[in-house]
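Just so it is clear, none of the values below were taken in a lab; they were calculated from the coordinates. Here the structure is a predicted model, which is why all the values come from computation and not from measurement. With ideal geometry, Cβ positions are generated from the backbone for all residues, glycine too; neighbour counts draw on all protein chains shown.
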Amino acid sequence: MAKGSDGSRLANLNEWVAEVAALTRPDRIHWCDGSDAENEALVAQMLGDGTLVRLNEQTHPNSFLHRSDPDDVARVEHLTFVCTDDQNDAGPNNHWMAPDEAHAKMDALFDGCMAGRTMYVIPYCMGPIDSPLSRCGVEITDSPYVVANMRIMTRMGAPALARIEKEGTFVKGLHSTGELDPDRRFIMHFPEELAIKSFGSGYGGNALLGKKCHALRIASHQARSEGWLAEHMLILGIENPQGETHYIAAAFPSACGKTNLAMLIPPEGYRNAGWKVWTVGDDICWMRPGKDGRLYAINPEAGFFGVAPGTSKKSNPNALACLQRDAIFTNVGVTADNQPWWEGLDNGQQPAIDWRGEPYDPAKRPAAHPNSRFTVSAKACPSYSPEAENPAGVPISAIVFGGRRASLVPLVFEARDWTHGVLVGASMGSETTAAATGAVGVMRRDPMAMKPFCGYNFADYFAHWLSFDTPGAKLPKVFHVNWFRKGDDGKFLWPGFGDNLRVLEWMIGRVNGTAGAVETPIGALPSADDLNLDGIELGDEALCKLFGYERDGWSAEFQAIGDYLAGYGPRMPQALVDEQRRIAGSLA
Ligand code: SAT
Ligand code: MN
């Protein structure tokens, strides 16, 4: 019998923990309270066994490096399953396994896997503890690294347990790092049971079960039945010189700059005029209609699990400011004096040791893994919005969809109405990144940036999106952006980063009815004069490609979008099919 079980006041939680302990057979059970003392003891243990390395205490107090297994550095989409009774409910967008078969497979892997280890029970709350939009879960894991990360990424410990005891329902997440054998690695979701089983990986998106597994895959399913939306979106607030703040939610695939956009620093002219950007969240957004008909959003997370490479004083000074202390770095390089280092950090220092712990040799590998990450509390961010803790959430004025598209897609366009906006989201395409294992730079459809994260059939998901358009609803305007358009020389045409505020300002102008646009079949595009381009130089090619619309290319794109939607069969909502046909027709 494992030692250390304090238990909770909730019989179904205690029973589940006992069941898991009987299966996994840990030496000890530790119920996490989220206290500093608990965290210090875990850190000391991980420093002792090499799971963590202490970074330079002078430059980066209380900060640590974790080097993962080299085969365990990203999400594994081919090993991620949604296990619903009926395969059609998971949809062609998910890998599916029958729940009984999946449970049997996973339970065989979990059998005795915690022998000699401590089993940690982590009660957590996704969202502010006192928000009606928040939802809770309990993750059981044998990884102290997961505990330390969950403590930063969620509201974890005693207050979460108190809420769970009151509510009685919670998402059950079971995780073990196992032997990290890629052939014995699966991330299984049981949305109908509000349960997750993840084995064989310690990587964030596979192992911090509050994040993608709960807050997106399980929550998207839950949101559908409860009338809300769980989305892969950042949330930011834009305060104009008059002191009015508009909130924007924006969906981009992993590693396409959500963290940078969420923490944007306005260009100098805007700063001087009094513009400010507030960060509410950088990855996940839960939204629900309020009494006034607007959508209100919370960030269910409490921290950032951001991509390190490319983060610099220039690209994201707010992120860099967060990373000065109390951060966990995973798979970055280090300098000779043990400071964290990654490609694009641009601080004049040089790496000495790479992410594998070997002397840095640029001919061999980059110092930091392309999907190396930092974990840090949102409260450390200078632009963190006080409204992020508001239990009522923030009202959303605009929804933005965006992907990485080297060609065709202009800088920004606006959807005509909600149905068109849902089609714009549903037909999003993007070139793949290092956030998941597999080829990088391949264009794929990634509707609403949810391809890896939607816990049910995309056709039903689009229908759910369409269902928000009810009488009395005051829905946000919907836009599409592409920061990644390239010129003939292969270089990016748009400067991006802080200058993206110029595009966001135009959107707010459209919301307020003050900004101009040109109507086209794909939506309303600003002309170069509709955007404030003061202080940036754009050549003829850039102006043409960023603000133009290429009829032939879009005609082909809409054929491809039609084929994509048809792949979902009759379950695809007719309103979306009609919208696609209407636009395809006007492009022909
Ligand atoms: O899935 S992670 O949380 O590791 C990050 C991402 O891919 O968006
Ligand atoms: Mn993400």
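Output the 0 to 90 degree angle, nearest 10, between the alpha-carbon long axis of helix 99-110 and the longest principal axis computed from the alpha carbons of the chain. Approximately 50 degrees, to the nearest ten. Between residue 181 and residue 336, the modelled labels are 4.3 nm apart [label points 7 Å from Cα along Cα→Cβ]. Just how far, in whole angstrom, is the stretch 458-498 from the stretch 13-50 if you go by their alpha carbon centroids? First find each Cα centre; the distance between them is then 42 Å. Protection proxy ranking of 258-267, 377-386, by the mean of other Cβ atoms within 10 Å over each peptide's residues and highest first, is 258-267, 377-386. Across the chain, the mean sequence separation of Cα contacts (distance under 8 Å, 6 or more residues apart), normalised by length, yields a relative contact order of 14 percent. Note on residue 571 and residue 473: their simple-model spin labels are 2.1 nm apart, each label 7 Å out from Cα toward Cβ.
Axis angle, to the nearest 10 degrees, between helix 500-512 and the longest C-alpha principal axis of the chain: 70 degrees. Exactly which GluC sites (Glu not before Pro) in the stretch 1-104 are in a DSSP loop and have at most 15 other Cβ atoms within 10 Å? Taking the stretch 1-104 and a limit of 15 other Cβ atoms within 10 Å, the loop GluC sites (Glu not before Pro) found are 57. For the pair the stretch 178-202 and the stretch 523-588, the centres of their Cα atoms are 38 angstrom apart. The calculated FRET efficiency for residue 6 paired with residue 71, based on their beta-carbon distance and R0 = 35 Å, is about 0.45. Go through the stretch 109-183 and name the GluC sites (Glu not before Pro) that are in a DSSP coil and have 14 or fewer other Cβ atoms within 10 Å of their Cβ. Loop-located and lightly packed - 179. Derived from the Cα gyration tensor, the three semi-axes of the equivalent ellipsoid of the stretch 11-226 are 26, 21, 17 Å, largest first.
Taking a ≥ b ≥ c as the square roots of the Cα gyration tensor eigenvalues, with a/c under 1.5 meaning rounded and otherwise prolate when a/b beats b/c, else oblate, which class fits the stretch 246-315? The shape class here is oblate. In terms of distances greater than 23 angstrom between alpha carbons, the cross-link table entries 211/451; 291/379; 172/211; 172/212; 258/291; 314/379 yield 291/379; 258/291. Between the alpha-carbon centres of the stretch 387-426 and the stretch 51-109 there is a gap of 28 Å. Along the Cα→Cβ direction, 7 angstrom out, place labels at residue 489 and residue 324. What is the inter-label distance in nm? The modelled label-to-label distance comes out at 3.7 nm.
Taking only the Cα atoms of the stretch 333-413, the ratio Rg/Rh comes out at 1.14, with Rh defined as the Kirkwood radius. Hey, what D do you get for the stretch 537-588 in µm²/s if you plug the Kirkwood alpha-carbon radius into Stokes-Einstein at 10 °C and 1.306 mPa s? For these conditions, the coefficient is 126 µm²/s. Using Cβ point charges alone (K and R +1, D and E -1), the dipole size of the chain about the Cα centre works out to roughly 320 debye. Here the 3J(HN,Hα) profile of the stretch 472-486, calculated from phi with Karplus coefficients 6.51, -1.76 and 1.60 at θ = phi - 60°, is x, 6, 10, 7, x, 6, 10, 10, 10, 10, 9, 7, 10, 5, 10 Hz, Gly and Pro shown as x. Check each of the trypsin sites (Lys or Arg not before Pro) in the stretch 1-72 and keep only those in coil by DSSP with at most 11 other C-beta atoms within 10 angstrom; list them in order. Sparse-neighbourhood loop trypsin sites (Lys or Arg not before Pro): 9. Per-residue 3J(HN,Hα) values for the stretch 372-377, derived from phi via the Karplus relation 6.51 cos²θ - 1.76 cosθ + 1.60 with θ = phi - 60°, read 5, 9, 10, 10, 8, 5 Hz in sequence order (x marks Gly and Pro). Counted over the chain with a bin width of 10 Å, the fraction of Cα pairs per bin, in whole percents, is 3, 17, 28, 27, 17, 6, 1, 0. Around the amide H of residue 134, modelled in the peptide plane, lies no amide H under 5 Å away from a residue 5 or more places distant or on another chain. Backbone phi angles across the stretch 289-302, fed through the Karplus curve with coefficients 6.51, -1.76 and 1.60 (θ = phi - 60°), yield HN-Hα couplings of x, x, 4, 7, x, 7, 8, 10, 10, 10, 8, x, 9, 10 Hz in residue order; Gly and Pro are listed as x. Were the residues from residue 40 through residue 588 laid out at 0.36 nm apart, the gain over their Cα-Cα distance would be 190.9 nm. Extension gain, residue 407-residue 22: 0.36 nm per intervening residue step, less the Cα-Cα distance, totals 133.1 nm. Maximal additional length on extending the residue 543-residue 559 stretch stands at 3.1 nm, based on 0.36 nm per residue less the C-alpha distance. Taking the longest Cα principal axis of the chain as reference, the axis of helix 144-153 is set at about 40 degrees.
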